[in-house]
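**Student:** Below is one structure. I have some questions about it.
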């Protein structure tokens, strides 16, 4: 009987910390239609040249990593995460700056998602080139478009990218 009590106490002591970790783990945020992007995508840039996009969860499902690669150009990464009831992104651009944008948290079966400029790091002047907006349009589970808007010298220049899921 003593052996049974000792064994039970040891198992309880081992299990308690694990139970506490599970109870304290945050519930992953709702990323709306962005969650459907997990995987590999092929597409075309605004000039019709091939490109790829990859989407992966990181940070225990609290952030989404987008990696875009265009023919013979440096890859760019964008991190998406929830913040105070909205979605945020930080775009690590080949232009050498890092714009941050915010979108309202999507509701229901949203087919569009629009991010608007919040601020930017590593920008000498506000008129220097930087991404200022991006919107997603989700046609179905295997097709979506992004329209990035470049701000340069006070002008907005859209750049549309079309993607299909790699199967």
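**Student:** For residues in region 142-161 being assigned to a loop (DSSP other than H, G, I, E, B) and modelled with pLDDT of 95 or more, which is surrounded by the fewest Cβ atoms within 10 Å (Cβ to Cβ)? Give the steps one after another, and end with the answer.
**Tutor:** To start, the set of residues in region 142-161 that are assigned to a loop (DSSP other than H, G, I, E, B) comprises 142, 153-154.
If we keep only those that are modelled with pLDDT of 95 or more too, we end up with 142, 153.
On the way: 142: 13, 153: 9.
Filtering first and then ranking leaves 153.
**Student:** For region 90-106, which positions are more than 22 Å from residue 141 (Cα to Cα) and part of a strand (DSSP E or B)?
**Tutor:** The first filter runs over region 90-106 and keeps only residues more than 22 Å from residue 141 (Cα to Cα), leaving 90-102.
Passing the criteria: 90, 91, 92, 98, 99, 100, 101, 102.
**Student:** Return yes or no: is residue 115 closer than 24 Å to residue 29 by Cα, in contact with a helix residue (DSSP H, G or I) (Cβ under 6 Å, 6 or more places away or on another chain), modelled with pLDDT of 95 or more and surrounded by 17 or more Cβ atoms within 10 Å (Cβ to Cβ)? Walk me through how you get there before you give the answer.
**Tutor:** Values: closer than 24 Å to residue 29 by Cα: yes; in contact with a helix residue (DSSP H, G or I) (Cβ under 6 Å, 6 or more places away or on another chain): no; modelled with pLDDT of 95 or more: yes; surrounded by 17 or more Cβ atoms within 10 Å (Cβ to Cβ): yes.
Spelling it out, it is not the case that residue 115 is closer than 24 Å to residue 29 by Cα, in contact with a helix residue (DSSP H, G or I) (Cβ under 6 Å, 6 or more places away or on another chain), modelled with pLDDT of 95 or more and surrounded by 17 or more Cβ atoms within 10 Å (Cβ to Cβ).
**Student:** Still on this model: Are there any pairs with C-beta distances below 7 angstrom linking a residue in region 39-50 that is at positive phi and in contact (Cβ under 8 Å) with a residue 24 or more places away in the chain to a residue that is assigned to a strand (DSSP E or B) and surrounded by 12 or more Cβ atoms within 10 Å (Cβ to Cβ), with the two at least 6 apart or on different chains, and if so which?
**Tutor:** 39/55; 39/165
**Student:** Could I ask something else about it? Within region 24-42, how many residues are more than 13 Å from the chain's Cα centre (by Cα) and at pLDDT below 95?
**Tutor:** Residues of region 24-42 that are more than 13 Å from the chain's Cα centre (by Cα), as a first pass: 24-28, 40-42.
After this cut, where a residue has to be at pLDDT below 95 as well, the list is 24-28.
Total meeting the criteria: 5.
**Student:** Filter region 123-141 for residues that are surrounded by fewer than 12 Cβ atoms within 10 Å (Cβ to Cβ) and part of a strand (DSSP E or B) and give the result.
**Tutor:** As a first pass, look at region 123-141 and keep what is surrounded by fewer than 12 Cβ atoms within 10 Å (Cβ to Cβ): 124-126, 140-141.
Across region 123-141, the qualifying residue is only 140.
**Student:** Which residue, of 79, 70, 88, is crowded, with 18+ Cβ neighbours inside 10 Å, without any contact (Cβ under 8 Å) to a residue 40 or more places away in the chain and either in contact with a strand residue (DSSP E or B) (Cβ under 7 Å, 6 or more places away or on another chain) or farther than 21 Å from residue 38 by Cα (or both)?
**Tutor:** Working: 79 fails: crowded, with 18+ Cβ neighbours inside 10 Å; 88 fails: crowded, with 18+ Cβ neighbours inside 10 Å.
Going through 79, 70, 88 in turn, just one is crowded, with 18+ Cβ neighbours inside 10 Å, without any contact (Cβ under 8 Å) to a residue 40 or more places away in the chain and either in contact with a strand residue (DSSP E or B) (Cβ under 7 Å, 6 or more places away or on another chain) or farther than 21 Å from residue 38 by Cα (or both): 70.
**Student:** Let me spell it out: the conditions are (1) under 17 Å from residue 36 (Cβ atoms); (2) part of a strand (DSSP E or B), and residue 109 meets all of them except one. Which number is the exception?
**Tutor:** (2)
**Student:** Somewhere in region 98-106, is a residue more than 17 Å from the chain's Cα centre (by Cα) and either in contact (Cβ under 8 Å) with a residue 12 or more places away in the chain or more than 25 Å from residue 41 (Cβ to Cβ) (or both)?
**Tutor:** no
**Student:** Follow-up. Given the conditions (1) surrounded by 13 or more Cβ atoms within 10 Å (Cβ to Cβ); (2) more than 18 Å from residue 149 (Cα to Cα), report the number of the one that residue 97 does not fulfil.
**Tutor:** Going through (1) surrounded by 13 or more Cβ atoms within 10 Å (Cβ to Cβ); (2) more than 18 Å from residue 149 (Cα to Cα) one by one, residue 97 breaks only (2).
**Student:** Looking only at region 112-142, count how many residues are under 18 Å from the mean Cα position of the chain (by Cα) and over 17 Å from residue 32 (Cβ atoms). Give the steps one after another, and end with the answer.
**Tutor:** Here is the first cut: in region 112-142, the residues under 18 Å from the mean Cα position of the chain (by Cα) are 112-120, 131-138, 141-142.
With the extra rule that they be over 17 Å from residue 32 (Cβ atoms), the set shrinks to 117-120, 131-133, 142.
Within region 112-142, residues that are under 18 Å from the mean Cα position of the chain (by Cα) and over 17 Å from residue 32 (Cβ atoms) number 8.
The values are calculated or read from the model by the stated rules, or taken from the named source; none is laboratory data. Just so it is clear, the model here is predicted, and its values are computed rather than measured. Glycine also receives a Cβ, built like all others from the backbone with ideal geometry; neighbour counts cover every protein chain displayed.
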